[in-house]
Every structure is written in structure tokens, then in C-alpha cells.
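Just below is one structure, and these are the notes that go with it.
The values are calculated or read from the model by the stated rules, or taken from the named source; none is laboratory data. Being a predicted model, the structure only gives us computed values, none of them experimental. Cβ placement follows ideal geometry from the backbone for every residue including glycine, while neighbour counts extend to all protein chains displayed.
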Amino acid sequence: MRIGEYNPQYLEEQGVAILTMNHVGSTVGQDTGRDAQYMADNWGVPTFAINRPGTGLTLPRAATRDRLATSYAAEFEPIATDLAELFDEREIKDIVVVSRSAAVVSSLAIATSGILPIRAIYGAEGVGWSNMSVEQGKMTYKSYMTDQARLLDNDEHSDQPRLVHPEGTGLGIVASVGRIASIPPALIIDQYNSQKVWASDLATQYLKILHDTATSAKDAGGPAVYLDFAEYSLTEIAVINDAVRRANPEADIQVVPNTVHASFDKRPFFAGRAQRAVDHIV
């Protein structure tokens, strides 16, 4: 497993860190690493980034797809153990997990292991909240991406734009070419291996496990959970209001005005939304 470690330009806090994971089409070596460096500099704490199981250098395999669908949380136990050893070496005692899109279910999964000292979780526009067929999931995603593109285009050309738009990469020509070339294979691998996870309610299950564990704990309980959904979300509002909120009544769950799924790709906006979770350690 590749662990990317990103140190801030100016260290603000010692003994604490951010953990993040790759979203769809990205890897630690590309956008996820750049996201992590932004987080490190923005919050002044070390940030660690990992590729989710079934992504990175993994090949698209039916065995991997089926294993992830049946034992997703278990896939994170060896990862959490490796991270725990690294954090111990770095004398890191408190962690906040920050993620978006496909990585939100992963953040919840790794927290259920109880191996890492996770104090808070922030997830934006996660997936895996309700069960559906893989084909239905694909159709839902394809339809949403078409609608999102239309919403952003119409808003951009309106007299009074109101949506939060994703920002440009700011990369040079060589880096941009490398980034563009990396996305299709990463996307194909991720979509194949993770398709059953995304079409499941695993995120809802993990959210409930965290709530139940915290409720039964004799001490301070589990991590605080903060979830954001877009006004025009990939997840239906009925699912948010029913399944997600009911799974963890203590979680801070918000629907953010003037946003679509891609709005959270804008790093300053995403960091601003995640601030309430990061405040637990910084």
C-alpha cells in the first residue's frame, strides 16, 4: 500500500494529522496527492493520503469486485494497522479523516475498525447509502453527470451565477498531460472494482455502527461525524432524510445550498466545509 505523506509549509500543531483517500479517477500520485498537500498547507498539520482498496495499481478483477462487496470494512484493517504504526512513529495521537465522493464510504469503513485514533470524520457527497442493482447505479450516475453538466453550464451563462463551480487544476502543460492520461485507467479500474460497493448501503451500515459503538461506549465514544450533501446531490433527498439521518442521529448532516457534486472538487470550498471537523484537532 502506498502512503503519501505531505507536510505543511508551516507546522501549526504537533501530534495531530489529517487522513484522506482518493476519489474516483484519482490516485495518490495525482490529484489526491495535490489535495493532500493543499490540506496540509491550509491547516498546518501533516496530511496522509492512501488509495482505497481496489484502486491505484490494482487491476479490474471480478474477484476483487466481489471481495470488496462482501468484506469492505475488513479490507481496511491491515491498512489501518500499517497507518497506526506510522502514526506511532510520528507521535501522532489524533486524526481527522477528510474525504469526498467515493472515499466517504471508505472513511466510515476504516473508522469502524477502531484501530486508529480518529476524532472526527468529514465526508462530502458520499455514495453507498442505499441498495440498488449495479445497472441501476450506473444509470443513476450517468444521468446525474449529464444533469450536473447542464446545471453548471446554464449557471455559468446566467446573469446571476449562484452555483459553486469546480476550479481549474493550475498545472503546467506537462503535469496537465500526465494528469489527463492518468484519469481514464484509474476511472475504469475503480468503477469496475467498486461498482457493487457504490450500489450498496454499506456507508449507511458503517454510519450506524459508529453511532451504536459510541452509544454503548463507557468513555467518550466514537468520532464525531460531519456529512455534507449538495443541493443538487447524487443522492436522493429522501435517502438523506430517511436512511442517512436515521443511521446516526448524532451526526451533523447538512445539505449545502448552491452546490452540485463537483462543487466539492474546489479545494478552498471543500476545506471550508471540512473545517468544523478539523476543529476537533486544530
Conditions (1) loosely packed, with under 11 Cβ neighbours inside 10 Å; (2) under 21 Å from THR259 (Cα atoms); (3) free of Cβ contacts under 8 Å to residues at least 40 places away in the same chain -> GLY172 fails only (2)
ALA69 vs (1) modelled with pLDDT of 95 or more; (2) touching a Lys or Arg at 6+ places or on another chain (Cβ under 6 Å): all pass except (1)
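Being small (Gly, Ala, Ser) and at pLDDT below 95: is that true of ALA181 here?
Values: small (Gly, Ala, Ser): yes; at pLDDT below 95: yes.
Here the answer is yes, as ALA181 does meet what is asked.
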Only one of (1) within 14 Å of ASP190 (Cβ to Cβ); (2) without any contact (Cβ under 8 Å) to a residue 60 or more places away in the chain; (3) of a type in the set (A, V, I, L, M, F, W, C) does not apply to ALA49, and that is (1)
Per the filter on the stretch 29-52, residues surrounded by fewer than 24 Cβ atoms within 10 Å (Cβ to Cβ), touching a helix residue (DSSP H, G or I) at 6+ places or on another chain (Cβ under 9 Å), closer than 21 Å to GLY178 by Cβ and of a type outside the set (S, T, N, Q) are GLY29, ASP31, ARG34, TYR38
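Please go through the stretch 113-136 and pick out each residue that is under 28 Å from GLN191 (Cβ atoms) and charged (D, E, K, R).
From the stretch 113-136, those under 28 Å from GLN191 (Cβ atoms) are 113, 116, 118, 121-136; that's our starting set.
Within the stretch 113-136, GLU125, GLU135 qualify.
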If you go through ARG246, ARG276, the only one that is within 18 Å of ALA111 (Cβ to Cβ), among the basic types (Lys, Arg) and surrounded by fewer than 18 Cβ atoms within 10 Å (Cβ to Cβ) is ARG276
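For every residue, the table says whether it meets (1) more than 13 Å from the chain's Cα centre (by Cα); (2) free of Cβ contacts under 8 Å to residues at least 24 places away in the same chain.
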| site | (1), (2) |
| --- | --- |
| ASN7 | yes, no |
| VAL16 | yes, no |
| GLY25 | no, no |
| GLN37 | yes, no |
| VAL45 | yes, no |
| GLY56 | yes, no |
| THR64 | yes, no |
| ARG67 | yes, yes |
| GLU75 | yes, no |
Residues in the stretch 217-239 that are modelled with pLDDT under 95 and of a type in the set (Ser, Thr, Tyr) total 0
Check: If we scan the stretch 219-229, do we find a residue that is surrounded by fewer than 19 Cβ atoms within 10 Å (Cβ to Cβ) and out of contact with any helix residue (DSSP H, G or I) (no Cβ under 6 Å at 6 or more places or on another chain)?
Finding: yes
Scanning the stretch 241-265 residue by residue, those part of a helix (DSSP H, G or I) and farther than 23 Å from ASP31 by Cβ turn out to be ASN241, ASP242, ALA243, VAL244, ARG245, ARG246, ALA247
Contact list, first residue from the stretch 128-145 and closer than 17 Å to THR204 by Cβ and without any contact (Cβ under 8 Å) to a residue 12 or more places away in the chain, second anywhere and of a type in the set (Ser, Thr, Tyr) and part of a helix (DSSP H, G or I), beta-carbon distance below 9 Å, six or more apart or interchain, is none
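Taking the residues in the stretch 152-183 that are among the β-branched types (Val, Ile, Thr) and within 23 Å of the chain's Cα centre (by Cα) as candidates, determine which candidate is nearest to HIS23 (Cα to Cα).
Here is the first cut: in the stretch 152-183, the ones among the β-branched types (Val, Ile, Thr) are 164, 169, 173-174, 177, 180, 183.
Next cut, within 23 Å of the chain's Cα centre (by Cα) only: 164, 169, 180, 183.
Working: VAL164: 19, THR169: 15, ILE180: 15, ILE183: 11 Å.
Ranking the candidates gives ILE183 first.
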Selection over the stretch 1-28 where residues are surrounded by fewer than 20 Cβ atoms within 10 Å (Cβ to Cβ), of a type in the set (A, V, I, L, M, F, W, C) and closer than 26 Å to ALA186 by Cα yields a count of 3
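Quick grid of which residues meet (1) more than 30 Å from PRO8 (Cα to Cα); (2) hydrophobic (A, V, I, L, M, F, W, C); (3) in contact with an Asp or Glu (Cβ under 9 Å, 6 or more places away or on another chain):
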residue	(1), (2), (3)
LEU187	no, yes, no
ASN193	yes, no, no
LEU202	yes, yes, no
ASP212	yes, no, no
THR215	yes, no, yes
LEU227	no, yes, yes
ALA230	no, yes, yes
ILE237	yes, yes, no
ILE281	no, yes, yes
